1. Provide the per residue accessible area, probe 1.4 Å, for segment 14-55, rounded to a whole number of square angstrom.
2. Would you mind putting 105-117, 169-181 in packing order, based on average other-beta-carbon counts within 10 Å, highest first?
3. Lys and Arg at +1, Asp and Glu at -1: add these up for the other residues within a Cβ distance under 13 Å of Ile84 and post the number.
4. Limiting things to C-alpha atoms, what are the Rg and the maximum Cα-Cα separation (Dmax) for segment 44-104, in angstroms?
5. When ranked by the protection proxy of mean other Cβ atoms within 10 Å per residue, highest first, what sequence do the peptides 6-13, 44-51 form?
6. So, with a 1.4 angstrom probe, what is the percent of accessible area on the chain that is carbon and sulfur?
7. What does the net charge come to around Ile125 if you take all other residues with beta carbon closer than 13 Å to its beta carbon, with K and R at +1 and D and E at -1?
8. Which sequence of Glu41, Glu23 reflects their accessible areas, 1.4 Å probe, from the largest down?
Amino acid sequence: MHEYRVLDSETIHRGWCYDLTAETVAMPGGTEEAPHTARREFLDHVGAVVTVPLDEHGRVGLIRQYRVPPKELLWEFPAGLRDIPGEDPAVAARRELAEEVDLHAADLVELGEYYTTPGISNELIHYYLATGLTPVPEADRHERTDEESHIELVWWDLGKALDAVASGEIRNGVCALALNLTRLHLERR
């Protein structure tokens with residue numbers, strides 16, 4: 001089995017939630033003295049969390065949020081960066097749920113952790129299912145700004161949301177995976 005060793009690493013650009021990094025890696029072929037190498041650029045990302053709110057009727061809470069790279073309003077779940085050093089992913093998931101949709105969860109179940117685009121990024125997203133939902137008191141609510149200022153929570157039947165993935169109405173891959181992870185979790189209970 002070949003050992004893929006990083007021989008050189010360079011930060012090309014520092015960003016607000018990721019760096020653009022270039023690494024030279026020892027590839028199969030060559031020798032120890034003259035390894036075959038490849039240079040790859042990728043986004044070195046802080047990571048993120050996604051929280052799927054599930055109400056007492058079995059509906060999932062989706063938000064519609066503008067995303068700058070695709071220039072579209074997309075259906076998605078409350079989510080955010082793991083930009084507080086050392087913050088536990090479950091704590092970040094609870095924080096994002098409260099900040100984006102003004103909800104607390106009595107119970108949080110980890111659905112898994114997955115890379116978003118491993119060919120160009122090391123972004124790892126932790127997925128959670130939130131139940132036992134109660135509103136955040138008005139005085140404790142987070143003040144949303146920028147693209148978050150127009151977030152609205154819409155409750156969807158899980159089957160309808162999964163159909164929306166199949167039809168292309170839901171185009172956010174992270175959201176599509178979260179819906180399927182939720183379905184699998186509920187089927188296994």
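1. Working: 2200 Å² over 42 residues.
I get 52 Å² per residue for segment 14-55.
2. On the way: 105-117: 14.8, 169-181: 18.3.
Ranking the peptides 105-117, 169-181 by packing returns 169-181, 105-117.
3. On the way: positive: Arg82, Arg94, Arg95; negative: Asp83, Glu87, Asp88, Glu96, Glu99.
Every neighbour counted, the sum reads -2.
4. Final numbers for Rg and Dmax: 12.6, 39 Å.
5. Numbers: 6-13: 10.4, 44-51: 22.1.
Result, highest mean Cβ count within 10 Å first: 44-51, 6-13.
6. Numbers: 5600 of 11010 Å².
After summing per-atom areas, the C and S share lands at 51 percent.
7. Details: positive: Arg82; negative: Glu76, Glu96, Glu110, Glu113, Glu123.
Summing Lys/Arg as +1 and Asp/Glu as -1 gives -4.
8. Working: Glu41 110, Glu23 40 Å².
Largest accessible area first, the residues go Glu41, Glu23.
The values are calculated or read from the model by the stated rules, or taken from the named source; none is laboratory data. Remember, it's a predicted structure, so these values are computed and weren't measured experimentally. Reconstructed Cβ throughout: ideal geometry from the backbone, glycine too, with neighbour counts over all protein chains shown. These area figures cover heavy atoms from the full protein model, side chains too; ligands, DNA and RNA do not enter into them. Shrake-Rupley method; radii C 1.70, N 1.55, O 1.52, S 1.80 Å.
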